[in-house]
Amino acid sequence: MKQLAALLFFSFTVCASAQQEVRLWEKGAPGFENLQEKEVFEGDAKLPSRFTVSHYPSLYVFPASKPTGVSMIVAPGGGHTQLVIGKEGYDIAKWLNGKGITAFVLKYRLAKAPNSKYSVAREVTEDTLRSIRLVRSRAKEWGLDPARIGFMGFSAGGEVAAIAETRFDAGNAGATDPVDRFSSRPDFSVVIYPGWQPGAITVPKNAPPAFLACADDDRSHVVTTVNFYLDLEKQGVSTEMHIYASGGHGFAMRETKLPVKSWPDRLLEWMTDKKLWKQQE
């Protein structure tokens, strides 16, 4: 059995080493199964650097070379008009890989792109929850711990992460689609300089632990971050928040001499404290 598990993970690593793209729904998203419109992107077709039109939600898979069993779904930002999937997706995934965390970069549909037929409340939420179900449904195949699946998002992707944090369900045991039988609740969430309209997010009491970070000179997003922290605290949800004096919006993991550069270290410390991750020997 151990040999079979090792073979399965080896096969996964080989096929995903080039960042395999896995569609969230093999036959197309519900209600859009017959859609044949083209996506618009920049860069390499196998790993585009930015999307301005997105119709086929998927995960780009970044397997860790020395996996710890922890996984993270990463939602890039872009104001729901584009996906800044290079800086706030692939770069983050490669850093996570270096920490033994298998990463999945989420390509979700764009609700505010010109002539978009999608909405955050419907299609983006469907993409978000489906991504968690899909990873959990294939956790054994991919060598992952189904109880240590995180969701991280930046800016508009921070709203996506907040959706994952608050709108999950236990799955439908009688669903025809086997993926829909799995829970869409992440085991922890990482919300970085998020933005959404007041009242758009309601926190349930059983929301998972959350880590929040932003910069104080990113005024509109710091307000969203602080309010989200207070809403989580009101429900008794274990939460850690870091507000850096400077950094602006969109700092992600870019090089800087400012203290905001250290937020990934604080994240790992928090994950260690919550027994979600352990430093590799």
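Could you tell me whether the stretch 239-251 includes any residue that is surrounded by 15 or more Cβ atoms within 10 Å (Cβ to Cβ), of a type outside the set (Val, Ile, Thr) and in contact (Cβ under 8 Å) with a residue 60 or more places away in the chain? Yes: the stretch 239-251 contains one or more residues that are surrounded by 15 or more Cβ atoms within 10 Å (Cβ to Cβ), of a type outside the set (Val, Ile, Thr) and in contact (Cβ under 8 Å) with a residue 60 or more places away in the chain. For first residues located in the stretch 256-275 and farther than 17 Å from Ile92 by Cα and at pLDDT 95 or above, partners that are polar (S, T, N, Q) and surrounded by 13 or more Cβ atoms within 10 Å (Cβ to Cβ) and lie 6+ apart or on another chain with Cβ distances below 6 Å form the pairs Leu258/Ser246.
Checked against the criterion of being touching a Gly at 6+ places or on another chain (Cβ under 9 Å), modelled with pLDDT of 95 or more, assigned to a loop (DSSP other than H, G, I, E, B) and within 27 Å of Arg254 (Cβ to Cβ), the stretch 218-231 has at least one qualifying residue. Scanning the stretch 190-199 for residues that are surrounded by 14 or more Cβ atoms within 10 Å (Cβ to Cβ) and in a loop (DSSP other than H, G, I, E, B) turns up Tyr193, Pro194, Gly195, Trp196. Only residues that are of a type outside the set (Lys, Arg) and surrounded by fewer than 22 Cβ atoms within 10 Å (Cβ to Cβ) were counted across the stretch 200-220, and they come to 11.
With respect to Ala103, is the statement that it is assigned to a loop (DSSP other than H, G, I, E, B) and in contact (Cβ under 8 Å) with a residue 12 or more places away in the chain true? No: the conditions fail for Ala103. Kindly indicate whether Ala161 is more than 15 Å from Pro194 (Cα to Cα), among the small types (Gly, Ala, Ser) and modelled with pLDDT of 95 or more. No, not satisfied.
Answer yes or no: is there a residue in the stretch 238-260 that is of a type in the set (Val, Ile, Thr), more than 26 Å from Thr202 (Cα to Cα) and in a helix (DSSP H, G or I).
yes
The values are calculated or read from the model by the stated rules, or taken from the named source; none is laboratory data. Bear in mind the structure is a predicted one, so any value in this text is a computation, not a measurement. In this analysis, Cβ positions are derived from the backbone assuming ideal geometry, glycine residues included, and neighbour counts consider all displayed protein chains.
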